[in-house]
Amino acid sequence: MKAVSIAARSLAPSKPHHAQWLITRKCNYSCAGCNVWKEQDERELPASEIIKGMDILKKLGVAELVISGGNPLLRDDIDEIIDYSSKLFLTTVCDNGSMAVKKIDCLRKVDFVAISIDSLDKAKNDAIKTVPGAWKEAMQAVETLHKEGVNVSVTPTISQKNLYEIPDLTDYFTQKGIPVWYCLYSYDIEEEKDALFRIGKENKEFVITDKEAMVNLCNSLITKKKRNSRIFITKKLLKAIRSYYGQDKREWKCQALSNFLVIDPLGRIGGCHSHSLAGSIFDLPQKWKSQEFDNLREGYRACTKCNYLCYAFYSLEGTPYGHISLAVDQWKNAKLFFK
């Protein structure tokens, strides 16, 4: 019944099919390319209010929910949140690898656990995370969850630091039957004074300067995808990123607050994180079809300030037609997507 409900929502037009809820600002890591840990905040909605918010998201048409932070698994009430979300949405929970094994029982209910590993080089990965032992713990988490039948994936953030080793990292995990999907190092180029939240400032060590290598990486992944169904990035997105780096051409218009939205730990919403907050999740039923939101959408579509891969993906693929294309692209993995 969950699969049928999600499919119906995914094919409904003019709906925000994807939401990312950063349910906490608390984090136990201090990754060099991230700003979240520098602005930790104890304030967050209790599970009871998050559950009310999830009901609203479902009624609005959201089919996929990414639960992130900070590290969402640090919350004492995460079991209750995951239990409810897993009944309503295609649910992904993000972790840096430090908490997943401790929370494995509740994670059995989700559709995916995304573990961040940026390199097969232990020293390099630990330097990026700035936590000694982070690599070992994350690798053990992936191995344990995989053996226990939990749908675990590895999510490297592509940057100049690891650009040349992404093909090897991809092969290493996918050959073990573990999917890989990707983030792309990005930072908040310009933010409004009342921006929803901040992710990071420019770190020159991570900014991709070898654009030719990035183009070659896109070509490599496009080729690999022909025989490797565990590479979870679409050909359409890879071609768009290739054009972005190879031709300085942006092939997508941001569909924030149309195809997707983000929610912060206090339940405040925005189309994306770096623009002004658009209200509360509890205002969504009244505001979704309002002139106010239409004006915000127009501004988002004109914005070219970021290349966050998740925003690009849902701008390109977050329509009913895009979901059909995704179903075709990932038909071999159909059994992975629903618990």
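Laboratory data are not the source of any read-out in this text; all were calculated from the coordinates shown. Predicted model only: the values in this text are computed from it and were never measured. Note that each Cβ is placed from the backbone with ideal geometry, even for glycine, and that neighbours are counted across all protein chains shown.
Points to keep in mind about this one:
- In order along segment 21-35, phi translates into HN-Hα couplings of 10, 7, 7, 7, 9, 6, 8, 9, 10, 9, 4, 5, x, 10, 10 Hz, rounded to whole numbers, per the Karplus curve 6.51 cos²θ - 1.76 cosθ + 1.60 with θ = phi - 60° and x for Gly and Pro.
- Computed on the chain, with alpha-carbon pairs under 8 angstrom and 6+ residues apart, the relative contact order is 20 percent.
- Straight-distance candidates among the lysines for linking to Lys59, with alpha-carbon spacing under 23 Å and chain neighbours fewer than 8 residues away dropped: Lys2, Lys15, Lys87, Lys109, Lys287, Lys289, Lys339.
- The aspartates and glutamates whose alpha-carbon is closer than 17 Å to the alpha-carbon of Lys305, local same-chain residues fewer than 8 away aside, are Asp188, Glu190, Glu191, Glu192, Asp194, Glu202, Asp248, Glu251.
- Amide H contacts for Val152 (H built 1.01 Å from N in the peptide plane; partners 5 or more residues away or on another chain; cut-off under 5 Å): Val113.
- Segment 299-313 and segment 108-127 have Cα centres separated by 25 Å.
- Couplings for segment 240-257, taken from phi via the Karplus curve 6.51 cos²θ - 1.76 cosθ + 1.60 with θ = phi - 60°, read 5, 5, 4, 5, 4, 8, x, 10, 6, 10, 9, 9, 9, 10, 4, 10, 4, 6 Hz in order; Gly and Pro are left as x.
- Taking a ≥ b ≥ c as the square roots of the Cα gyration tensor eigenvalues, segment 2-336 comes out rounded, since a/c falls below 1.5.
- Centre separation in Å (Cα based) which lies between segment 1-55 and segment 191-269: 19 Å
- Cα gyration tensor shape of segment 64-103, rounded if a/c is under 1.5, else prolate or oblate by comparing a/b with b/c: prolate
- Within the chain, Cys27, Cys94, Cys106, Cys183, Cys218, Cys254, Cys272, Cys303, Cys306, Cys310 have no other Cys Cβ under 4.7 Å of their Cβ and so lack a disulfide-compatible partner by this rule.
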